[in-house]
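A.B. asks: Structure below; questions to follow.
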Amino acid sequence: MDSPLVHILAINWNGLEHLEDCFSTLLQSPYPNAKYILVDNASDDDSVAYVAAHFGNDDRVEILQCPGNLGWSGGNNYAMERSLAAGADYIFLINNDTATAPDALETMVTMLEADETLGAVAPKMVLFDYPEIINSVGLTGSIIGGAWDIGVGRLDAPQWNEIKEVIGVCGGAWMIRASVLHKTGLLPEEFDIYLDDYDLSLRVWDAGYRIQTCPEAVVRHKFSASMGEGKRARYKYYLNTRNRYRVMLRNYPVRTWFKAGIYSAIGEVRALGRAIIEGEFWRVGAHLKVYGSTCAYFIKAMRARREHKKRGLSIGTFWHFIDHKTLFCPGLIMPEDGWYPEQSMAGKPYRAFAKHAYLDVESGTHTLHYATPYPNLGPVFIKITQDDTVLETLEYTEAGS
């Protein structure tokens, strides 16, 4: 029996520096029936020429050049339409700044093939340079339309290896059944970017399918928690705020609108109050702009809802996943050199660390107090080096100093 056809769509815009890692790791997959497609959004940095020169001799590799910079959603939609027309059974959307484990494709396909109720799966995404740190194992969603990555910034402990249903997937890497897209439609291009993956995820549930994690499929991602600076940060903030309301208008059952509206009002008071206290009045302006944009979008949202019903979607199937307690992303705490920010416990400062942590200290006598919440993971090793020379390696199996 032939293996299902998988189209891997690597979206790219001026990402030349990422393409070696992206395609060299993808092509290590032994999966026998796959097309690896560079989806290029009118790059001007020789991305297309690089892939053609370095990977073009592999007949599994294709290059799809978009007619212009269509954005993340537009570029992916342009490619997905062609993949559907070409008879792909599964589509794997992946960002260019990733490295994929060799067995990831086959692992995801096997999971989807084993259960026809699965519409999409979320691989375990970890940080590119710190693969012991989680980037995403699916999405969680709040009642005010927001969504964020599950597990982001946490140590990759056994708890993240449990297969679970999730409300959505991170658009940086996910596999979806092609037949599901025929029912749900594609990504909402009017979102520009942010929460468009979440919007499509909600429609996967409403189409009668499930989404679950596939933790044995691992993708390393060059994730950045930074909002950027200046106009970029302000535009990102505006888009995230605007698209939360679009998610609600397009996907929430009408019966939930009043409750979601109350929570949204509470969220707005908190957000605006914080902006005023912190003197960031541009955020106040962003919210005012969102109110106008949301009103202008209402008719288009109603058209989208009618289209969803014509496609046979049952609006609100996902509702049992919605978080009513946490309105906004609780904040991303990422390690630096393996160390998390200092905290206090029993009146004493401490710093949690990832699987590997590095600390520069001056020569002399130092005392290190340590403890491990995961003793079953094995001993703690402390390597002392000077000028790249290992002076001593200490091993501890219990808390001490």
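The values are calculated or read from the model by the stated rules, or taken from the named source; none is laboratory data. Source: prediction; values computed, not measured. All Cβ positions, even for glycine, are placed from backbone atoms using ideal geometry, and neighbour counts span all protein chains on display. Note: accessible area is taken over every heavy atom of the protein model, side chains too, but ligands, DNA and RNA are not part of it. Shrake-Rupley method; radii C 1.70, N 1.55, O 1.52, S 1.80 Å.
A.B. asks: Using beta carbons and a limit of 8 Å, which pairs, at least six apart or on different chains, have the first residue in segment 230-255 and free of Cβ contacts under 8 Å to residues at least 60 places away in the same chain and the second one polar (S, T, N, Q) and open to solvent by less than 40 Å² (accessible area, probe 1.4 Å)?
C.D. replies: 242/293; 242/294; 249/294
A.B. asks: Somewhere in segment 280-289, is a residue closer than 22 Å to residue 139 by Cβ and crowded, with 16+ Cβ neighbours inside 10 Å?
C.D. replies: Looking through segment 280-289, none of the residues is closer than 22 Å to residue 139 by Cβ and crowded, with 16+ Cβ neighbours inside 10 Å.
A.B. asks: Filter segment 150-175 down to residues that are open to solvent by less than 30 Å² (accessible area, probe 1.4 Å) and assigned to a strand (DSSP E or B) and give me whichever is farthest from residue 244 (Cα to Cα).
C.D. replies: Here the residue is 175.
A.B. asks: Among the residues of segment 176-192, write down those that are closer than 22 Å to residue 119 by Cα, open to solvent by 10 Å² or more (accessible area, probe 1.4 Å) and assigned to a helix (DSSP H, G or I).
C.D. replies: Passing the criteria: 179, 182, 183, 189.
Residue-wise test of (1) surrounded by fewer than 14 Cβ atoms within 10 Å (Cβ to Cβ); (2) within 25 Å of the chain's Cα centre (by Cα); (3) of a type in the set (Gly, Ala, Ser).
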| residue | (1), (2), (3) |
| --- | --- |
| 299 | yes, no, no |
| 303 | yes, no, no |
| 312 | yes, no, yes |
| 316 | no, yes, yes |
| 328 | no, yes, no |
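A.B. asks: Does residue 265 fit the bill of being assigned to a helix (DSSP H, G or I), open to solvent by less than 20 Å² (accessible area, probe 1.4 Å) and at pLDDT 95 or above?
C.D. replies: It is false that residue 265 is assigned to a helix (DSSP H, G or I), open to solvent by less than 20 Å² (accessible area, probe 1.4 Å) and at pLDDT 95 or above.
Yes/no matrix, rows are residues, columns are (1) modelled with pLDDT of 95 or more; (2) open to solvent by less than 50 Å² (accessible area, probe 1.4 Å); (3) part of a strand (DSSP E or B):
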residue	(1), (2), (3)
25	yes, yes, no
30	yes, no, no
43	yes, yes, no
76	yes, yes, no
81	yes, no, no
84	yes, yes, no
91	yes, yes, yes
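A.B. asks: Give segment 330-339 a look and list any residue that's surrounded by 14 or more Cβ atoms within 10 Å (Cβ to Cβ) and free of Cβ contacts under 8 Å to residues at least 24 places away in the same chain, or say none.
C.D. replies: The answer is 339, and nothing else.
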